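S.K.: Below is the structure I would like to discuss, written out as structure tokens.
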Amino acid sequence: MYWTLWVAVGVLAVALGCGPEQPPSVIAFGDVHVPASAHDFYETSSGLQGTMLQARFELPEADLRLLEPSLHCVFGPPSSTPSSVAHVGTNRKSWYAPESARLHRECQGRQGRIAYEALADVSRPGTARVYLLVED
């Protein structure tokens, strides 16, 4: 009986977006092409007058270059100074924490009315945890 309860809780958590999802090949809003190497993908969007999309995923740091054409920017060199890139005013998602990055690379771009901000936490050698904010 207890296993039935745990299965139900797990299904509900996945349905509510509490766990990582399989990354899409393209995030429709903003036409962001996600590299095939991405994993541990989370995404949420909100907005009344405009749309704001937040996503987080991990990939090999070398694959950051594959994101650049979609984001209309180039990731800068690693930095340990505090950053405001990809931060949101009211964040209710525990998985979205760009402020936790101690060593990061940044990318900010614009295409028409769409603005892109990405902060890649590169604290772990060879790995990038990308925090992505797309807004119109």
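S.K.: Residue by residue through the range 16-32, note down the ones that are in contact (Cβ under 8 Å) with a residue 24 or more places away in the chain and either loosely packed, with under 14 Cβ neighbours inside 10 Å or among the hydroxyl-bearing types (S, T, Y) (or both).
M.R.: Across the range 16-32, the qualifying residues are G17, D31.
S.K.: Within the range 33-58, which residues are surrounded by 14 or more Cβ atoms within 10 Å (Cβ to Cβ), within 11 Å of the chain's Cα centre (by Cα) and of a type outside the set (F, W, Y)?
M.R.: If the condition is that a residue be surrounded by 14 or more Cβ atoms within 10 Å (Cβ to Cβ), within 11 Å of the chain's Cα centre (by Cα) and of a type outside the set (F, W, Y), then V34, A38, D40, E43, T44, L53, Q54, A55, R56, E58 are the ones that fit.
S.K.: With the requirement that a residue be among the hydroxyl-bearing types (S, T, Y) and modelled with pLDDT of 90 or more, what does the range 85-106 give you? Step through it out loud before you land on a result.
M.R.: Of the residues in the range 85-106, the ones among the hydroxyl-bearing types (S, T, Y) are 90, 94, 96, 100.
Across the range 85-106, the qualifying residues are S94, Y96, S100.
S.K.: Can you tell me which residues in the range 84-98 are of a type in the set (S, T, Y) and surrounded by 15 or more Cβ atoms within 10 Å (Cβ to Cβ)? Explain how you work it out, then say what you get.
M.R.: Narrowing the range 84-98 to residues of a type in the set (S, T, Y): 84, 90, 94, 96.
Within the range 84-98, just Y96 meets the criteria.
S.K.: Give just the number: which of (1) of a type outside the set (F, W, Y); (2) closer than 23 Å to V26 by Cβ; (3) buried (at least 17 other Cβ atoms within 10 Å of the Cβ) does A101 not satisfy?
M.R.: Condition (2) is where A101 drops out.
S.K.: Of the conditions (1) farther than 17 Å from P35 by Cα; (2) touching a Pro at 6+ places or on another chain (Cβ under 8 Å), S94 satisfies every one except a single condition; which number is it?
M.R.: With respect to (1) farther than 17 Å from P35 by Cα; (2) touching a Pro at 6+ places or on another chain (Cβ under 8 Å), S94 is out only on (2).
The values are calculated or read from the model by the stated rules, or taken from the named source; none is laboratory data. Keep in mind the model is a prediction, meaning the values are calculated, not measured. In this analysis, Cβ positions are derived from the backbone assuming ideal geometry, glycine residues included, and neighbour counts consider all displayed protein chains.
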